[in-house]
1. Within segment 376-416, restricting attention to residues that are over 17 Å from THR309 (Cβ atoms) and among the polar types (S, T, N, Q), which residue is nearest to the ligand (Cβ to nearest atom)?
2. Could you go through segment 198-205 and let me know if any residue there is within 16 Å of the ligand (Cβ to nearest atom) and either buried (at least 19 other Cβ atoms within 10 Å of the Cβ) or closer than 30 Å to LYS4 by Cβ (or both).
3. Please verify whether segment 392-409 includes one or more residues that are aliphatic (A, V, I, L, M) and more than 21 Å from the chain's Cα centre (by Cα).
4. I need the full set of residues from segment 337-363 which are in contact (Cβ under 8 Å) with a residue 12 or more places away in the chain, within 14 Å of the ligand (Cβ to nearest atom) and of a type in the set (Val, Ile, Thr), in order please.
5. Would you check which residues across segment 302-322 are touching a Gly at 6+ places or on another chain (Cβ under 9 Å), on the phi < 0 side of the Ramachandran plot and assigned to a loop (DSSP other than H, G, I, E, B) and list them?
6. Out of (1) under 22 Å from GLY230 (Cβ atoms); (2) touching a Leu at 6+ places or on another chain (Cβ under 9 Å); (3) not basic (Lys, Arg), the odd one out for LEU50 is which?
7. How about segment 1-30: which of its residues are in contact with a Ser or Thr (Cβ under 8 Å, 6 or more places away or on another chain) and not polar (S, T, N, Q)?
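The values are calculated or read from the model by the stated rules, or taken from the named source; none is laboratory data. These numbers were taken from a predicted model, which means no experiment stands behind them. Every residue, glycine as well, gets a Cβ built from its backbone with ideal geometry; the counts of neighbours run over all protein chains shown.
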Amino acid sequence: MAEKIFTRNFDRPNSHTLGVYRETGGYTALPKALAMEPTAITEEVKKSNLRGLGGAAFPTGMKWSFIPKGSTAPKYLVINADEGEPGTFKDRYLLERDPHALIEGMIIAARAIDSHVGFVYIRGEYVKPWQMFSGAVKEAYDAGLLGRNIQSSGFDFDIVIHRGAGAYICGEETGLLSSLEGKKGWPKIKPPFPAIKGAFGQPTIVNNVETIAAVPHIINRGAAWFAGLGTKTQGGTRLYSVSGHVVKPGVVEAPVSVTLRSLIYDDCGGIRDGRRLKAVVPGGSSAPILTADEIDVIMDADALKAAGTMIGSAGVIVMDETVSIPEALMVVARFYAHESCGQCTPCRESTGWIYKMAHRIVDGKGRKEDLDTILDVAKRGAGTTICAFYDGAVGPYVSYIEKFREEFEALIPRDA
Ligand code: SF4
């Protein structure tokens, strides 16, 4: 049985409270970190091979090191708790069941980057996670773990909670920062990257909930331990949100070295009702789809990239033989058409066109040229837009059609 880090307290009664968190070793990493040099914290996180667990899988310690050295500007730590990627629901578990791990991780990360204010951007639909996390923040203030002169260390840190209003694009880090600043949640062209010019024009680190919740464990048990749990290029375990046609859907903690097959058949009990597996999306709706023959792949960022897909948010969507892939594409295409922020012409126009074409194919009114038109339109726009939203949409457009083309063709009238 693999070691549990993130989920170790999930089933304990009142796991969200300060008392239970402390009973299980909570807030013991904090004094260690407050006694360390900030650069030593960053180095430890670098050595742990912790990578961003929200989508991009960027090395966390390296990201922290991009904050300009010696800058006297205010620096901000921003936690992305927007969790809008379809098929992803693991951060809500952390916010509800282990919120103090995020708070402790935030204080340590803030110390590393010399930040005294952290923002937690929680998606608007997450009412219970917001309530639970807000309660934990209050407990931490009351216990002197947040605010001025934390544990007599001379270090000050405040947490501000900001609720989103339900736009997927606010999960993109620059869109999130625009929204946090009170503006329309529009992504911005990078560079400058947030580490140089982020929230309110100041150096900012944006990290995902799960990424920061790993930090206290790294400080307590050491970088080598965390790195040793994973693969050569990514340390630790992670949370997989597994949904769809498995016997036991839910949030599963497993090492990043687990295979997709093991996740589906060992951790989630296999395909329900004795049916056959047809396809799997391994990393949220933006990840290119895999066929049933492609699941002997390790779930770390590099192995999935080599397999032509991505780990993304580790939202694993399992589809059995009853699923219509054209219908699945239509649903995904409707989502991207609805959520495009509209700034970039290729994204604004193509997402709508592709949804309309996918819709008419499913309605039995497709035209012979539609599939090649979708592929052409999708590929032409890739890499031309302000943010990664459109490239994320291209993943399903292209992979669903290229891997299941016959299923689409069967829906198009012969005389069309
Ligand atoms: Fe907006 Fe799409 Fe452009 Fe991103 S790629 S900025 S979502 S229009």
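1. Residue satisfying both the conditions and the ranking: THR385.
2. Initial filter on segment 198-205 (within 16 Å of the ligand (Cβ to nearest atom)): none.
Within segment 198-205, not a single residue is within 16 Å of the ligand (Cβ to nearest atom) and either buried (at least 19 other Cβ atoms within 10 Å of the Cβ) or closer than 30 Å to LYS4 by Cβ (or both).
3. yes
4. Residues satisfying the conditions are THR351, ILE354.
5. The answer is THR309, MET310, ILE311, SER313.
6. The failed condition is (2).
7. So the first thing to find is which residues in segment 1-30 are in contact with a Ser or Thr (Cβ under 8 Å, 6 or more places away or on another chain), and the list is 2-6, 8-9, 12, 21.
Selection gives ALA2, GLU3, LYS4, ILE5, PHE6, ARG8, ARG12, TYR21.
Here is a yes/no grid of residues against (1) within 16 Å of the ligand (Cβ to nearest atom); (2) over 23 Å from ILE5 (Cα atoms); (3) modelled with pLDDT of 95 or more; (4) in contact with a helix residue (DSSP H, G or I) (Cβ under 6 Å, 6 or more places away or on another chain):
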site: ARG97; (1), (2), (3), (4): no, no, yes, no
site: LYS138; (1), (2), (3), (4): no, yes, yes, no
site: ASP142; (1), (2), (3), (4): no, yes, yes, no
site: TYR168; (1), (2), (3), (4): yes, yes, yes, yes
